[in-house]
Amino acid sequence: MLGYNVIVAGLIWQAVAGDPYAIADDARQHVFWMGRFTDASLFPNDWIADYYQSIAPVGYAWIYRFFAIVGIPPLLLCKLLPPVLIMLTGTISFLTAFELSSLPAAGFAAAALMTQSVGFTATLSSGTAKAFVFGLMLLFIYGWLRRSRWLSWGSIALQGILYPQVVLLSVGLLVLGLVDRRQGKWSWRRDRALWSLTAGGLLIATVVILYYASASSQFGPTVTLEEALTMPEFFRGGRTNYFQNSWLKALLNGRGGLRLDAATTPMTNFLALGLPLMLRRPQRFPLAKGMSRNVDILLKLVAVACFWFVAAHLLLFKLYLPSRYTSRFFFIAAVLAAAIAIVLLLDAVLGWASHQLQSPGAAQRVLSGGLAIGLASALGLLVVLYPLTMSGYPYTSITQGNSPDLYAFVANQPKNSLIAGTAIETNNLPTYSQRSVLVSREVAIPYHMGYYRELRQRAKQLIAAQYSPDPAVVGAFIQQYAVTHWLLEKTDFDISKVGGDRWVQQYQPEAGAATTVLASQQIPFLQKQRDRCRRFEDAQHWLLDAECILAASETAR
């Protein structure tokens, strides 16, 4: 188990080790601002950094702050956390499966399957708050199975400070955990220790939920369904494509879907579907006889996930995205169930092989037994090894910075610098250069309207100024936002590029006006200043000095 965990952890580390410009995609939102932990003067009065700092779970921020104090900067810790979390998640998976089945082999299978399965997601490898979700849920299930009040309560508290959304799933399991089915009838469990555990857990969960429900923010309120339906950002081609063009896609895929594909990747997780049948046929699967009756917690986890999935649709965006309640928690249930099913199946096959080897007829014994043993061995090897043979495994969602000279130049500018521009590299400058940008497509997430209205206004004014032939418009924009630099891609004034840029085209009528200017062969004022005000140039970019542009605009009026 440990060796397998080390292999996958090593593969994930290999994807980022030694490259200062390789980092998990989500870190560009949720980690960049933590540079403030090593230098409090970074990102002064930065609307974007303030927002992402405000939504960071307190425990998650504490972890990064602590390691920054002891000398490990946030961008490095973001790379170090995933291998450590893989090891911990695999260990908790072993303990949980062993508690469910009393089978050490099932524990080893669960650890192996969990480790290989998380390698198909970018969740754990992100190093952000969501990387803790699998371990936090498994820790609670393990504590509940052990009837450990302190472990269960502690796990809920950790969920509250690291990834609060998981608390809702734990609440559901606490409630359903009080219900038992015996001889075809449902009844309340008569277990005082369990009732005590549940009462304490619900109290802690209530405190967590009330804290987050009562917390006010300058960046609220959450976008409503009515608002989202009017915003191109939520439709195909938008920054947050939520609404699908068919009901089937809406149900199964995307941010509002069940995301069954996440639970059934890798394909070995499909074996989970066979576990209920195996448990009902102990004569064919002998190890099922010793299975804990608490194994039904896996089915209860699926039921709770479905409940919150529906609730998230009914309260759309108030509970964030519906898919967050199914994809990750169906995944946990599928991995644990598949691990137990594999052990039951292998035992049954090997038992049948043993029986065949003892039956009369030498040729038949050897053939039947050999086939059975070969089948069991092939299944075991398939489960363990096949993901490692797949191209691109493990999937890490690593984004690669491709303009190191630009990052180095911008990093040497004053800490109060503010870079404007529609260039894609504005996504990376806060992370790799630790300097503020006015707006970028990476951080333009439209869930909290107090935050996004400001960013949308900035984006619209930026597009209007970047393509305006009027020097007064450009000068006024620079003065309004105290822009210090303007980053241009060398294709920014290509009409086909502007017309095909989905992010830019979200912002109308400014994007349409920009296309009109270029189509009429007018020359944007900014384009005229690229030689005079250029302070940096590489193969793809010009970085212009805003003070120079402002002076030119005043002269041209």
(request) Would you please put 395-401, 301-307, 225-231, 88-94 in order of how densely packed they are, using the mean number of other Cβ atoms within 10 angstrom per residue and starting with the highest? (result) 88-94, 301-307, 395-401, 225-231
(request) For the stretch 148-217 and the stretch 301-332, compute the distance between their C-alpha centroids and round to whole Å. (result) 17 Å
(request) Would you mind computing, in nm to one decimal, how far apart the modelled labels at Gln400 and Val6 are, each placed 7 Å from Cα along Cα→Cβ? (result) 2.9 nm
(request) Find out how many positive minus negative residues lie around Ser126, taking Lys and Arg as positive, Asp and Glu as negative, among other residues whose Cβ is under 11 Å from that of Ser126. (result) +1
(request) Determine which lysines satisfy two conditions relative to Lys185: a Cα distance under 29 Å, and not lying fewer than 8 residues away in the same chain. (result) Lys289, Lys300
(message) Between Lys497 and Gln479, what is the label-point separation in nm under the 7 Å Cα-to-beta-carbon projection?
(response) 3.0 nm
(request) Please say if the chain is rounded, prolate or oblate, where rounded means a/c under 1.5 for a ≥ b ≥ c the square roots of the C-alpha gyration tensor eigenvalues, and otherwise the choice is prolate for a/b larger than b/c and oblate otherwise? (result) prolate
(request) Set the Förster radius R0 to 30 Å, insert the Cβ-Cβ distance between Ala193 and Leu299 as r into 1/(1 + (r/R0)^6), and round the FRET efficiency to 0.05. (result) 0.85
(message) Using only Cα atoms and rounding to the nearest 10 degrees, what angle (0 to 90) does helix 2-16 make with the longest principal axis of the chain?
(response) 10 degrees
(request) Excluding residues fewer than 8 places away in the same chain, name every one of the lysines whose C-alpha is closer than 20 Å to that of Lys490. (result) Lys528
(request) Would you mind checking the tilt of helix 104-118 against the longest principal axis of the Cα atoms of the chain, expressed as 0 to 90 degrees and rounded to 10? (result) 20 degrees
(request) Return, in residue-number order, each cysteine of the chain whose C-beta is not under 4.7 Å from any other cysteine's C-beta. (result) Cys78, Cys306
(request) Could you work out how far the C-alpha centroid of the stretch 471-503 sits from that of the stretch 42-67, in angstrom? (result) 28 Å
(request) Give the distance, in whole Å, between the Cα centre of the stretch 512-540 and the Cα centre of the stretch 72-95. (result) 46 Å
(request) State in Å² the accessible area per residue of the chain; use a 1.4 Å probe, count heavy atoms of protein chains only, and round to the nearest integer. (result) 44 Å²
(request) Work through the residues other than Ala348 whose Cβ is under 10 Å from its Cβ and net out their charges, Lys, Arg +1 and Asp, Glu -1. (result) +1
(message) I want to make sure I understand the PRE zone here: with the label point 7 angstrom from the Cα of Leu314 toward its beta carbon, which residues in the stretch 156-180 have backbone N atoms less than 20 Å away?
(response) 165-177
(message) Starting from the 7 Å offset along Cα-to-Cβ, what nm value, one decimal, do you get for the label separation of Arg284 and Arg534?
(response) 7.4 nm
(request) Using 0.36 nm per residue of separation minus the Cα-Cα distance, give me the extension gain between Glu547 and Leu202 in nm, one decimal. (result) 118.4 nm
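Measure off, as a whole percent, the carbon and sulfur share of the 1.4 Å-probe accessible area of the chain, all protein chains present.
62 percent
For Tyr507, what charge total do you get from the other residues with a beta carbon under 13 Å from its beta carbon, if Lys and Arg give +1 and Asp and Glu give -1?
+4
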(message) Taking a ≥ b ≥ c as the square roots of the Cα gyration tensor eigenvalues, with a/c under 1.5 meaning rounded and otherwise prolate when a/b beats b/c, else oblate, which class fits the stretch 278-348?
(response) prolate
(request) Under 27 Å Cα to Cα from Lys79, which lysines show up? Leave out anything in the same chain fewer than 8 places away. (result) Lys130, Lys415
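Given a Förster distance of 51 Å, report the FRET efficiency between Ile209 and Ala408 from their Cβ-Cβ distance, rounded to the nearest 0.05. If you can, show how the numbers build up before the last one.
Numbers: r = 46 Å, r/R0 = 0.89.
That pair, Ile209 with Ala408, gives E of 0.65.
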(request) Would you mind classifying the stretch 454-557 by shape? Square roots of the alpha carbon gyration tensor eigenvalues, ordered a ≥ b ≥ c; an a/c under 1.5 is rounded, otherwise it is prolate if a/b is larger than b/c and oblate if not. (result) rounded
(message) Using a 1.4 Å probe on the protein heavy atoms only, what accessible surface does Met267 show? Give it in Å² to the nearest 10.
(response) 140 Å²
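The values are calculated or read from the model by the stated rules, or taken from the named source; none is laboratory data. Nothing here was measured: the structure is a model prediction, and the numbers come from that model. Positions of Cβ are generated from backbone atoms using ideal geometry, with glycine treated the same way; all protein chains shown enter the neighbour counts. These area figures cover heavy atoms from the full protein model, side chains too; ligands, DNA and RNA do not enter into them. Shrake-Rupley method; radii C 1.70, N 1.55, O 1.52, S 1.80 Å.
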